[in-house]
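Would you mind keeping the following structure in view while I ask a few things?
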Amino acid sequence: MKIAVLVKQTPDTETKAKLGANGLETNGVKFILNPYDEFAVEEAIQLRDKIKGEAVVVSLGPDRVIEAMRTALAMGCDTGIHVKVSDEELKKLDSFTVAKALAEALKKQGPFDLILAGKQAIDDDALAVPQMVAEFMELPRATVVAKLTVSDDGKTAKAHRAVEGGAEEIIELTFPAVVAAHKGLNTPRYASLPGIMKAKQKKVEVFDLAALGLSADNAKVTYEKYELPPEKAAGKVFKGTPQELAQQLVQHLRNEAKVI
Amino acid sequence: MTKALVFVELKNGNVKKAGLETIHALSSQGAEVHAIAFGPEAAAHAAEAAKVVGGQGAKKFIKCDSVDLKFYQSDIYAATIADTFKAGGYSILAGAASTLVKDLFPTLAARLDAGIAPDCIEVKLEGSSLSAKRPMLAGKYFVTLKFKAFPAVVSIRPNVMAIGADSGTAAEVSDATPSGSIRAKTVDLAGASGNSRPDLTEADRIISAGRAIKAAENFKIIEACADVIGAAVGASRAAVDAGMAPHSMQVGQTGKTVNPSLYIACGISGAIQHLAGMKTSKVIVAINTDPEAPIFQKADYGAIGDLFEVVPALTEEFKKLLSAG
């Protein structure tokens, strides 16, 4: 069974946003493996161990994303595919072109039986690339998957997709397929020290966009403007007995904020 | 005139408000809007739906139903919308950024060879140019993007756009024939709660509790308050991790992003990950015993007190106010 895991390197959750002409100033930003992708990596490793095969980590981005790929390799992925773009290209890219490039790289290095990804990246929260990769490869897909049961022969799966109100849609998939992982799919492991040492030796294939028949100008959108949210004025804080507090709150919500 | 196809969803027989917001956002900017809805509910309530979508400026209400559509089937939805979109000469596909739309629209963007702007808080249609503003890094900054060309696929965050005054004109009802074959089949919907509270991501009012709620059964005091004001119930990650609430209720970075008019945080300290999921709420109320809790810096109204005392008192005050009208 050959499994691909699509990962993205994202700014850490605690990042303070400083903006330049081209968006977020990345100087001084700590980058991490997108938290949802950790679930996808863990699932790939567990399935690789259970059904036997290979787990390949795939990422698009500038040189720095190799660090996120090394994290996945240290956790246990076998090899990597890096779709390398310059910082200039990255600023122009959109979900469409990223998904197209990943799909082309997967076709080149495949065929893969299963393509895993995190359901969304915490930087743009688009929840778009996994479905778009599936569409470009004409594969079945399931997103926001909180539980995945793969048959022993590694040919089919049942995916539990989390929807509103705590309900789950049960989706039947025949491989090859794309699955986007939700929190709770598993408990991602920490990379061990020997794992981190081994990761440095693991092979990573590199493609640029041109090698995949693409260019950053294929993007369907242009980015026009970046801005910070307006500062919020300080609020009112009330003290008193529970009844007084409740009365103050309700009065302000009705008469001042007008939301009740 | 730019033609826009707006995907809408129904719940309990009614077109969801977020869908109407999307229709109005485009029709009020001069687009010719047609609405499309799927499933037995859309078919059963077509006449009422045509009235409300028409009221917001939609000219047509297209319904699509078949025996296969008891559950959401992404493949049938995508193929039918793509066929309708191409045949109808539409330029824009839009919808409220619901759980379903977030799943469906990227597939459609890829199929229609279109750019996508998900979960937007502003959409501007000027002539044949469409631009959209969306949050990045959970609202730490915003980007405005412009589509180079049509078709364009855009989803709009619920509760951001206003609804217009009802025009009084119903949309014309028509049918779309379901197309496409199923690659990934939804065979069941498990664990649907059946409660009548609104969905968190689309709720106009939310009341959430943190670890200070101490136990899962104590959520009943939160629920009691929620039911008086028609709110959804949420939880912080700390409460979820401690097993007091399911992950489906989690508001924040690794949970749901919400955007209500009123967000009441009870016993939530206001970790950056929680704020990431709710800070765009129009009015934030914080109830906490700790006056130093970071949530007070984001709150419009804060009450320093114990949620076990303040929330029941608040429930009573809401009852008094709402019964007085």
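The values are calculated or read from the model by the stated rules, or taken from the named source; none is laboratory data. Because the structure is predicted, anything quoted here is derived from the model rather than measured. All Cβ positions, even for glycine, are placed from backbone atoms using ideal geometry, and neighbour counts span all protein chains on display. In case anyone asks, the SASA skips ligands and DNA or RNA and just uses the protein heavy atoms, side chains included. Shrake-Rupley method; radii C 1.70, N 1.55, O 1.52, S 1.80 Å.
Where in segment B:250-325 are there strands (runs of 3 or more DSSP E), lying wholly inside it, with at least 2 residues that are more than 7 Å from every other protein chain (Cβ to nearest Cβ)? It would help to see each step written out before you state the result.
Values: elements: B:262-266, B:283-288, B:301-304.
Per the criteria, B:262-266, B:283-288.
State whether one or more residues within segment A:144-166 are crowded, with 16+ Cβ neighbours inside 10 Å and acidic (Asp, Glu).
Checked against the condition, which is being crowded, with 16+ Cβ neighbours inside 10 Å and acidic (Asp, Glu), segment A:144-166 yields at least one hit.
Can you tell which of B:197, B:237, B:183, B:205 is touching a strand residue (DSSP E or B) at 6+ places or on another chain (Cβ under 9 Å), within 30 Å of residue A:25 (Cα to Cα), within 14 Å of chain A (Cβ to nearest Cβ) and open to solvent by 30 Å² or more (accessible area, probe 1.4 Å)? Outline the logic, then answer.
On the way: B:197 fails: within 30 Å of residue A:25 (Cα to Cα); B:183 fails: within 30 Å of residue A:25 (Cα to Cα); B:205 fails: within 30 Å of residue A:25 (Cα to Cα).
Exactly one of B:197, B:237, B:183, B:205 is touching a strand residue (DSSP E or B) at 6+ places or on another chain (Cβ under 9 Å), within 30 Å of residue A:25 (Cα to Cα), within 14 Å of chain A (Cβ to nearest Cβ) and open to solvent by 30 Å² or more (accessible area, probe 1.4 Å), namely B:237.
On to the next question. Would you mind stating whether residue B:77 is part of a loop (DSSP other than H, G, I, E, B), among the hydroxyl-bearing types (Ser, Thr, Tyr) and open to solvent by less than 50 Å² (accessible area, probe 1.4 Å)?
On the way: part of a loop (DSSP other than H, G, I, E, B): no; among the hydroxyl-bearing types (Ser, Thr, Tyr): yes; open to solvent by less than 50 Å² (accessible area, probe 1.4 Å): yes.
Criteria not met by residue B:77.
Does residue B:177 count as more than 30 Å from residue A:229 (Cβ to Cβ), polar (S, T, N, Q) and surrounded by 18 or more Cβ atoms within 10 Å (Cβ to Cβ)? Write out each step before concluding.
Values: more than 30 Å from residue A:229 (Cβ to Cβ): yes; polar (S, T, N, Q): yes; surrounded by 18 or more Cβ atoms within 10 Å (Cβ to Cβ): no.
When the stated conditions are applied, residue B:177 does not pass them.
Please verify whether residue B:89 is part of a loop (DSSP other than H, G, I, E, B) and either more than 9 Å from chain A (Cβ to nearest Cβ) or not hydroxyl-bearing (Ser, Thr, Tyr) (or both), treating the condition exactly as stated. Walk me through how you get there before you give the answer.
Values: part of a loop (DSSP other than H, G, I, E, B): yes; either more than 9 Å from chain A (Cβ to nearest Cβ) or not hydroxyl-bearing (Ser, Thr, Tyr) (or both): yes.
Spelling it out, residue B:89 is indeed part of a loop (DSSP other than H, G, I, E, B) and either more than 9 Å from chain A (Cβ to nearest Cβ) or not hydroxyl-bearing (Ser, Thr, Tyr) (or both).
Can you name the residue in segment A:2-18 that is modelled with pLDDT under 95 and open to solvent by less than 60 Å² (accessible area, probe 1.4 Å) and is also farthest from the chain's Cα centre (by Cα) among such residues? Before the answer, list the steps.
Residues of segment A:2-18 modelled with pLDDT under 95: A:12-18.
After this cut, where a residue has to be open to solvent by less than 60 Å² (accessible area, probe 1.4 Å) as well, the list is A:12-13, A:15, A:17.
Numbers: A:12: 13, A:13: 13, A:15: 17, A:17: 20 Å.
Step by step, filter segment A:2-18, then rank; the result is A:17.
Picking from B:60, B:11, B:51, which residue would you name as being open to solvent by 40 Å² or more (accessible area, probe 1.4 Å), under 18 Å from the mean Cα position of the chain (by Cα) and charged (D, E, K, R)? Talk me through it step by step, then tell me what you get.
On the way: B:60 fails: under 18 Å from the mean Cα position of the chain (by Cα); B:51 fails: under 18 Å from the mean Cα position of the chain (by Cα).
Sole residue among the options that is open to solvent by 40 Å² or more (accessible area, probe 1.4 Å), under 18 Å from the mean Cα position of the chain (by Cα) and charged (D, E, K, R): B:11.
Please work out which one of (1) within 14 Å of chain B (Cβ to nearest Cβ); (2) at pLDDT 95 or above is the condition residue A:26 fails and give its number.
(2)
How many of the residues making up segment A:210-260 are under 30 Å from residue A:103 (Cα atoms), more than 7 Å from chain B (Cβ to nearest Cβ) and open to solvent by 60 Å² or more (accessible area, probe 1.4 Å)?
Going through segment A:210-260, the residues under 30 Å from residue A:103 (Cα atoms) turn out to be A:210-226.
Add one more test, that the residue is more than 7 Å from chain B (Cβ to nearest Cβ), and what stays is A:210-219.
Narrowing further to those that are open to solvent by 60 Å² or more (accessible area, probe 1.4 Å): A:210, A:213, A:217-218.
Residues meeting the conditions: 4.
Checking the condition open to solvent by 20 Å² or more (accessible area, probe 1.4 Å) and either under 19 Å from residue A:250 (Cα atoms) or modelled with pLDDT under 95 (or both), which residue from B:265, B:271 passes? Break it down into steps so the answer makes sense when it comes.
Details: B:265 fails: open to solvent by 20 Å² or more (accessible area, probe 1.4 Å).
Exactly one of B:265, B:271 is open to solvent by 20 Å² or more (accessible area, probe 1.4 Å) and either under 19 Å from residue A:250 (Cα atoms) or modelled with pLDDT under 95 (or both), namely B:271.
Counting only residues that are open to solvent by 20 Å² or more (accessible area, probe 1.4 Å) and either in contact (Cβ under 8 Å) with a residue 24 or more places away in the chain or among the β-branched types (Val, Ile, Thr) (or both), which one in segment A:125-134 is nearest to the other protein chains (Cβ to nearest Cβ)?
Our first condition is that a residue be open to solvent by 20 Å² or more (accessible area, probe 1.4 Å); within segment A:125-134, this holds for A:125, A:127, A:129.
Okay, now just the ones that are also either in contact (Cβ under 8 Å) with a residue 24 or more places away in the chain or among the β-branched types (Val, Ile, Thr) (or both), so A:127, A:129.
Details: A:127: 5, A:129: 7 Å.
Step by step, filter segment A:125-134, then rank; the result is A:127.
Right, something else. Among the residues of segment B:1-54, what is the count of those that are outside any helix (DSSP H, G or I) and among the charged types (D, E, K, R)? Break it down into steps so the answer makes sense when it comes.
Our first condition is that a residue be outside any helix (DSSP H, G or I); within segment B:1-54, this holds for B:1-16, B:28-38, B:45.
Now drop any that are not among the charged types (D, E, K, R), which leaves B:3, B:9, B:11, B:16, B:32.
So the answer is 5.
I've got another one for you. Among the residues of segment A:63-73, what is the count of those that are open to solvent by 10 Å² or more (accessible area, probe 1.4 Å) and either of a type outside the set (Ser, Thr, Tyr) or modelled with pLDDT under 95 (or both)?
Of all residues in segment A:63-73, those open to solvent by 10 Å² or more (accessible area, probe 1.4 Å) come to A:63-64, A:66-67, A:70-71.
Keeping just the survivors that are either of a type outside the set (Ser, Thr, Tyr) or modelled with pLDDT under 95 (or both) gives A:63-64, A:66-67, A:70.
So the count comes out to 5.
Sticking with this one: Answer with yes or no whether residue A:181 is open to solvent by less than 20 Å² (accessible area, probe 1.4 Å), free of Cβ contacts under 8 Å to residues at least 24 places away in the same chain and within 30 Å of residue B:16 (Cα to Cα).
Values: open to solvent by less than 20 Å² (accessible area, probe 1.4 Å): yes; free of Cβ contacts under 8 Å to residues at least 24 places away in the same chain: no; within 30 Å of residue B:16 (Cα to Cα): yes.
The answer is no for residue A:181.
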